[in-house]
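Trainee: Once you've had a glance at the structure underneath, I'll fire off some questions.
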Amino acid sequence: QVQLVESGGGLVQPGGSLRLSCAPSESIFRFYAMNWYRQAPGKQRELVATITGGGSTNYADSVKIRFTISRDNDKNTVYLQMSSLKPEDTAVYYCNAQSPTSEYWGQGTQVTVSS
């Protein structure tokens, strides 16, 4: 069973920055896409950002320009750099990995944007 270990969440003031990390227990090359989702209280889980095995990226309109997804193949880790954070970015953020036959989820990390 693949495990995705997330880290980097926390409390930050509006306008601040955080970087989330996601480290799969298997080679990152196994997955054709790595994603970050988030779920705010009372809302559905939404796709925030995607990076493919070829390095292509895609973002939700609400986070474009402010968030950057990247991958470090040597460290076998995917990152979500979040800048200019807003209170509406408050949510549990989940890492997701997609392989040809399955998908896997991390346990989630809380991001709270508040003054």
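Trainee: Run the reach check for Lys43 against aspartates and glutamates, Cα to Cα strictly under 19 Å, same-chain hits fewer than 8 apart removed. What comes back?
Mentor: Candidates past the 8-residue exclusion: Asp61, Glu88, Asp89.
Trainee: If you build the convex hull over the alpha carbons only and average its shadow over all orientations, what do you get for region 47-115? Give it in nm² to one decimal.
Mentor: Here the figure is 5.4 nm², rounded to one decimal.
Trainee: Sticking with this structure for a sec: Output ³J(HN,Hα) for region 90-106: one whole-Hz value per residue in order, computed from phi by the Karplus curve 6.51 cos²θ - 1.76 cosθ + 1.60 with θ = phi - 60°, and x for Gly and Pro.
Mentor: Calculated HN-Hα couplings, in order: 4, 4, 8, 9, 10, 8, 9, 10, 10, 10, x, 10, 8, 9, 10, 10, x Hz.
Trainee: Let me ask something else. So in the chain, what percent of DSSP beta bridges are antiparallel if you round to the nearest 5?
Mentor: Around 90 percent antiparallel, to the nearest 5.
Trainee: Moving to a separate point now. Determine the share of the chain's accessible area contributed by carbon and sulfur atoms, expressed in whole percent, with a 1.4 angstrom probe. Each step should come with its number before you reach the end.
Mentor: Numbers: 2810 of 6030 Å².
Its accessible area is 47 percent carbon and sulfur atoms.
The values are calculated or read from the model by the stated rules, or taken from the named source; none is laboratory data. Since this is a predicted model, take the numbers as computed values, not measurements. The area values use the complete protein model at the heavy-atom level, side chains included, leaving out ligands, DNA and RNA. Shrake-Rupley method; radii C 1.70, N 1.55, O 1.52, S 1.80 Å.
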